[in-house]
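Take a look at the structure below.
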Amino acid sequence: MSKLFNKLNIGALSLPNRIIIAPMCQYSAQDGAATDWHMMHLGTLALSGAGLLILEATAISPEARITYGDLGLYSDETEAALARVLQPLRQYSAIPIAIQLAHAGRKASCQVPWDGGAQIPPDAAGGWQTEAPSAIPHAEGENAPTALAIEGLSRILKDFVATAKRAQNLGIQGIELHAAHGYLLHQFLSPLSNYRTDQYGGSLENRMRFPLEVFEQVRGALPKTIPVWVRVSASDWVEGGWDLEQTIAFARALEAAGCAAIHVSSGGLSPAQKIPLSEGYQVPFAARIKQELRIPVIAVGLITEPDHAESIIEKNQADAIALARGILYDPHWPWHAAAQLGAQVVAPPQYFRSQPRAYKDLFSNVT
């Protein structure tokens, strides 16, 4: 029996297998509102056979967006637009759906990637003034963010909670908080972006304080039936930055606060990062963190082959694997993995003639 296709519980949420679709920004919203592109994109992924679909990084306020095209969930209009997209997914697929809540911090106010991705000045069309733990720009030549005062932190806490409650209204079954890839919560964690001298800067305990407050506030605002977990960058890949040992301390604190899982990525905080890309290059981070925790750990990053994914679960390096670009390339990756590993996935009855089977048995099952 394939371990990749064993069931997994993340808190109160039961997944039919251990393949997770990672959140992937589409930069195709209009003023934060989901569009027909999201219906097409998510509709395809909802039929993939994966165990969980996590919606893309979803901004908690207009200024929290990475780009003017980012998805948001901060108003009645954005909530209604996402409800329209989710309705057919719910009608035709049983895949559990979670959402990643995010604030871009100093990496906000940017062009969409296919237009270059550069930061837009606050006085230019499509741009706005960014905010961050400290007034340090992400890259040389960019506009410096406004250093958040205590009042700003309180506002952001309320925005995270309000967006989480909107997600609950939509029937979202899990919440992932984005504390990775150089966005706001990661900016608080890393000494490369957090120069504060108050209770939110300096020591590791202080740098973890605001991300933990966000987690605790969101966790406390939702019923226990909706698990809340966190995506982390295990390393900045820059000397003197956020690293694995600090990530372990953060993960332990999250677990103690009721976190349901840790989703382990890396990088994104600094243009100076030097990442040695290779197959499964982030899996050792997940494996090390898993040794320290009792809650599930999700591995992600250049996991492309079913045998590799199976081995990660079999070797107890992680409890689940997340796919991003790989499942965009092959939206039926779980079908093909099931066929290769001798397992089954849930497929819609409309596709009954093409249910995934082990290749060796394919023709014996044709009627």
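Every listed requirement among (1) within 19 Å of residue 158 (Cβ to Cβ); (2) surrounded by fewer than 21 Cβ atoms within 10 Å (Cβ to Cβ) is met by residue 104 save one, (2).
Yes/no per residue for (1) surrounded by fewer than 19 Cβ atoms within 10 Å (Cβ to Cβ); (2) under 26 Å from residue 139 (Cα atoms); (3) at pLDDT 95 or above; (4) in contact with a strand residue (DSSP E or B) (Cβ under 9 Å, 6 or more places away or on another chain):
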site: 154; (1), (2), (3), (4): yes, no, yes, no
site: 168; (1), (2), (3), (4): yes, no, yes, yes
site: 180; (1), (2), (3), (4): no, yes, yes, yes
site: 189; (1), (2), (3), (4): no, yes, yes, yes
site: 193; (1), (2), (3), (4): no, yes, yes, yes
site: 198; (1), (2), (3), (4): yes, yes, yes, no
site: 210; (1), (2), (3), (4): no, yes, yes, no
site: 219; (1), (2), (3), (4): no, no, yes, yes
site: 227; (1), (2), (3), (4): no, no, yes, yes
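Which residue is farthest from residue 188 (Cα to Cα), if the candidates are limited to region 141-168 and must be aliphatic (A, V, I, L, M) and in a loop (DSSP other than H, G, I, E, B)? The residue in question is 144. Annotation note: of 127, 174, 116, the sole residue that is surrounded by 20 or more Cβ atoms within 10 Å (Cβ to Cβ) and under 25 Å from residue 56 (Cα atoms) is 174. Taking each residue of region 30-56 that is more than 23 Å from residue 231 (Cα to Cα) and looking for partners that are buried (at least 22 other Cβ atoms within 10 Å of the Cβ) and among the polar types (S, T, N, Q) with beta-carbon atoms closer than 9 Å, six or more apart or interchain, yields 31/78; 33/78.
Please state which one of 320, 358, 338 is modelled with pLDDT under 95, buried (at least 21 other Cβ atoms within 10 Å of the Cβ) and among the hydrophobic types (A, V, I, L, M, F, W, C). Explain how you work it out, then say what you get.
Working: 320 fails: modelled with pLDDT under 95; 358 fails: buried (at least 21 other Cβ atoms within 10 Å of the Cβ).
After applying the criteria, what remains is 338.
Exactly one residue out of 21, 54 is within 17 Å of residue 175 (Cβ to Cβ) and in contact with a helix residue (DSSP H, G or I) (Cβ under 9 Å, 6 or more places away or on another chain), and it is 21. Selection of region 179-209 for residues being basic (Lys, Arg) and either under 17 Å from the mean Cα position of the chain (by Cα) or part of a loop (DSSP other than H, G, I, E, B) (or both) yields only 196.
Quick one: how many residues across region 57-79 are in a loop (DSSP other than H, G, I, E, B) and closer than 18 Å to residue 113 by Cα? Summing the residues that are in a loop (DSSP other than H, G, I, E, B) and closer than 18 Å to residue 113 by Cα in region 57-79 gives 6.
Among the numbered conditions (1) among the aliphatic types (A, V, I, L, M); (2) touching a helix residue (DSSP H, G or I) at 6+ places or on another chain (Cβ under 6 Å); (3) in contact (Cβ under 8 Å) with a residue 40 or more places away in the chain; (4) not in a helix (DSSP H, G or I), the only one that residue 260 does not meet is (2).
Name the residue that is farthest from residue 172 (Cα to Cα), counting only residues in region 210-252 that are more than 19 Å from the chain's Cα centre (by Cα) and of a type in the set (A, V, I, L, M, F, W, C). Top of the filtered list is 238.
The values are calculated or read from the model by the stated rules, or taken from the named source; none is laboratory data. Here the structure is a predicted model, which means the values were calculated and not measured. Please note: Cβ atoms are built from the backbone with ideal geometry, for glycine as well, and neighbour counts cover all protein chains shown.
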